[in-house]
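Reading through the structure tokens given below for one structure.
Read-outs throughout are calculated quantities, based only on the coordinates presented, and are distinct from any laboratory measurement. Predicted model only: the values in this text are computed from it and were never measured. Heads up, the Cβs are rebuilt from the backbone with ideal geometry, glycines too, and the neighbour counts pull from every protein chain shown.
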Amino acid sequence: MGPVSDPDGKANDGGGAGDEALAVPEPRWGAEFPYRWDADDLASRRRLLEWAVYASGALFAGTLAIAALGRLRPPGSAAVRAVARASDVPEGGALYFGYPGPEDEAVLLHLPGGRFVAYSQRCTHLSCSVLFQPERDRLYCPCHEGVFNPLTGDPVAGPPRRRLPRILLRREADTIFAIGMTP
Ligand code: FES
């Protein structure tokens, strides 16, 4: 038996009246601005995939570059620079200098007992400059009254929670050199 024609003359393959009830009529704007959404989806997905591949490649290349740089410069290393003559910094005194760059504030301390230590002057709270107060045996940050132990750089009062970055020193005869930093 062949297809049945309805009164409007359209072919009916036997699916019943329910099929017509489910059919969504095309909106008027669809006729005026025809757009192939299925083709658009395909292009967008392909584009997205291309971008994902490029981004992964760039990320991989960046990681390789950082790893290579890390191998060239071991952790904690920085330029070796003469900081001061030990005899110029009296015991209990301090000398402010720039390290690792000239703009990076640092402080060299000559502690009682003859030991030299050096730290970044940047407070680990919000980066104000810390000052040595030998009369109170402390490194002091005036911004929020942070206090650090001059022997270790550890925070002992106020808001700072991390110790001051330490500058590694080497002494040759009377000259003190800065040779690197630890976080
Ligand atoms: S910046 Fe040093 S205590 Fe806040």
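For the reader, a short list of remarks on this structure follows.
- Checking Glu91 against (1) part of a loop (DSSP other than H, G, I, E, B); (2) within 16 Å of the ligand (Cβ to nearest atom), the condition it does not meet: (2)
- Note on segment 156-169: among residues that are in contact with a Phe, Trp or Tyr (Cβ under 7 Å, 6 or more places away or on another chain) and touching a residue at least 40 places away in the same chain (Cβ under 8 Å), the one that is nearest to His110 (Cα to Cα) is Leu169.
- Count of residues meeting criterion [under 18 Å from Ala94 (Cβ atoms) and near the ligand (Cβ under 9 Å from one of its atoms)] in segment 118-127: 2
- Output for segment 128-183, where each listed residue is within 16 Å of the ligand (Cβ to nearest atom), surrounded by fewer than 17 Cβ atoms within 10 Å (Cβ to Cβ), aliphatic (A, V, I, L, M) and within 20 Å of Glu91 (Cβ to Cβ): Leu131
- Screening Gly114 on (1) within 16 Å of the ligand (Cβ to nearest atom); (2) closer than 22 Å to Gly180 by Cα shows it passes everything except condition (1).
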